[in-house]
2 protein chains.
Amino acid sequence: MKLGTKGRYAVMALVDLAYYGQGKPLALVEIAQRQSLPISYLEQLFLKLRQKGFVASTRGHLGGYTLAREAETIRISEILEAIGEPLETTRCDKSSSTGCLGTNAKCLTHALWAGLGAQMHHYLQGISLADVCERRVI
Amino acid sequence: MKLGTKGRYAVMALVDLAYYGQGKPLALVEIAQRQSLPISYLEQLFLKLRQKGFVASTRGHLGGYTLAREAETIRISEILEAIGEPLETTRCDKSSSTGCLGTNAKCLTHALWAGLGAQMHHYLQGISLADVCERRVI
DNA sequence: TCATACTTGACTAATTTAGTCGGGAATCCT
DNA sequence: AGGATTCCCGACTAAATTAGTCAAGTATGA
């Protein structure tokens, strides 16, 4: 159970953007250098972040990215979901009714994994970009 | 961030053992069939679980595995650690002093990931095998 | 018009995962 | 004693995932 670079880098970059960009567009190169992240990889991530409405882009000279929403309203859990970082603790098929329901002995552990997932989601939903910037993290 | 089969299967098998084995040895085949797990894979996992003192084995006819400790005392977090399921949220090098310390802007997210890891560990340490068997999971 | 910076899709090397396979060794039952 | 059963253990591997790179294009400002 490891956190991948996709989710990690996306959050790092958005925190950097919230922290250093005061309204002005920040170029991806700048963020990448400051955070020591591969720029071509960041490009991929920001494509998604723009499509999902987290950031806005300005092209050309002096262009870059700005936050499209207030840092206070962006939850870490949203970012991870948008970028495609799973947070999967169970493997039960949610759609099918034949899958594990946690009711029989075979899947006694279902409640355990579901509980773990809920715990993680709750934690990450309780923290905003602004909280991270201002070190209000427990 | 997904939970792998190693950790998932190990916990499933130990819960099965605690639930169905009352002191008597349970053969791996039985557990594997009941939980729909590949037996040759389970063998690998039980090798480690025995070496770390979670289960004891009896060879030969009517042999199998028994819990070597009370189900009340075995925490889920212990099982995952024993089996080699990481629970890694950060990538900072713990040993080196040059790594990220969460003190500079570069690693503002450190506290976030460390907090997530602590949250997960705390949850899984608070639940024992017996809790899962008796459905005392939040 | 040129440098800068975002846009996008295709591609890939390396790692990890999720197992399988085969041969042994101990033990019990008849 | 012999065979069935079961654990023991290391080596091996196909498939999936990760963590990126690369190349070519488009828009913008100085």
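The values are calculated or read from the model by the stated rules, or taken from the named source; none is laboratory data. Everything quoted here is computed from the prediction, not taken from an experiment. All Cβ positions, glycine included, derive from the backbone under ideal geometry; neighbour counts span all protein chains shown. Only protein heavy atoms, including side chains, enter the accessible area calculation; ligands, DNA and RNA are left aside. Shrake-Rupley method; radii C 1.70, N 1.55, O 1.52, S 1.80 Å.
Hey, could you check region B:88-138 for residues that are polar (S, T, N, Q) and at pLDDT 80 or above and say which is most open to solvent (accessible area, probe 1.4 Å)?
B:GLN125
For region A:57-76, name all the residues that are within 12 Å of DNA strand D (Cβ to nearest atom) and either of a type outside the set (Lys, Arg) or surrounded by 12 or more Cβ atoms within 10 Å (Cβ to Cβ) (or both).
The answer is A:SER57, A:THR58, A:GLY60, A:HIS61, A:LEU62, A:GLY63, A:GLY64.
Answer with yes or no whether A:GLU85 is assigned to a loop (DSSP other than H, G, I, E, B), within 13 Å of chain B (Cβ to nearest Cβ) and either open to solvent by 10 Å² or more (accessible area, probe 1.4 Å) or under 30 Å from A:ALA114 (Cβ atoms) (or both).
When the stated conditions are applied, A:GLU85 passes them.
Select from region A:24-55 the residues that are small (Gly, Ala, Ser), surrounded by fewer than 18 Cβ atoms within 10 Å (Cβ to Cβ) and either out of contact with any strand residue (DSSP E or B) (no Cβ under 7 Å at 6 or more places or on another chain) or within 11 Å of another protein chain (Cβ to nearest Cβ) (or both) and list them in ascending order.
Of everything in region A:24-55, those that are small (Gly, Ala, Ser), surrounded by fewer than 18 Cβ atoms within 10 Å (Cβ to Cβ) and either out of contact with any strand residue (DSSP E or B) (no Cβ under 7 Å at 6 or more places or on another chain) or within 11 Å of another protein chain (Cβ to nearest Cβ) (or both) turn out to be A:SER36, A:SER40, A:GLY53.
Condition (residue is within 25 Å of A:HIS122 (Cα to Cα), modelled with pLDDT of 95 or more and either more than 14 Å from DNA strand C (Cβ to nearest atom) or not hydrophobic (A, V, I, L, M, F, W, C) (or both)) applied to region A:25-40: is it met by at least one residue?
No: zero hits.
Here are some conditions: (1) within 14 Å of chain B (Cβ to nearest Cβ); (2) out of contact with any Lys or Arg (no Cβ under 8 Å at 6 or more places or on another chain); (3) away from DNA strand C (no atom under 14 Å from the Cβ). A:THR90 meets all but one. Which one does it not meet?
(3)
Among the residues of region A:8-19, count how many are more than 7 Å from chain B (Cβ to nearest Cβ) and touching a residue at least 12 places away in the same chain (Cβ under 8 Å).
Selection size over region A:8-19: 7.
Within region A:20-35, can you find the residues that are within 21 Å of A:ARG69 (Cβ to Cβ) and without any contact (Cβ under 8 Å) to a residue 12 or more places away in the chain?
Kept after step one, since they are within 21 Å of A:ARG69 (Cβ to Cβ), are these residues of region A:20-35: A:20-28, A:30-31, A:35.
Within region A:20-35, just A:GLN22 meets the criteria.
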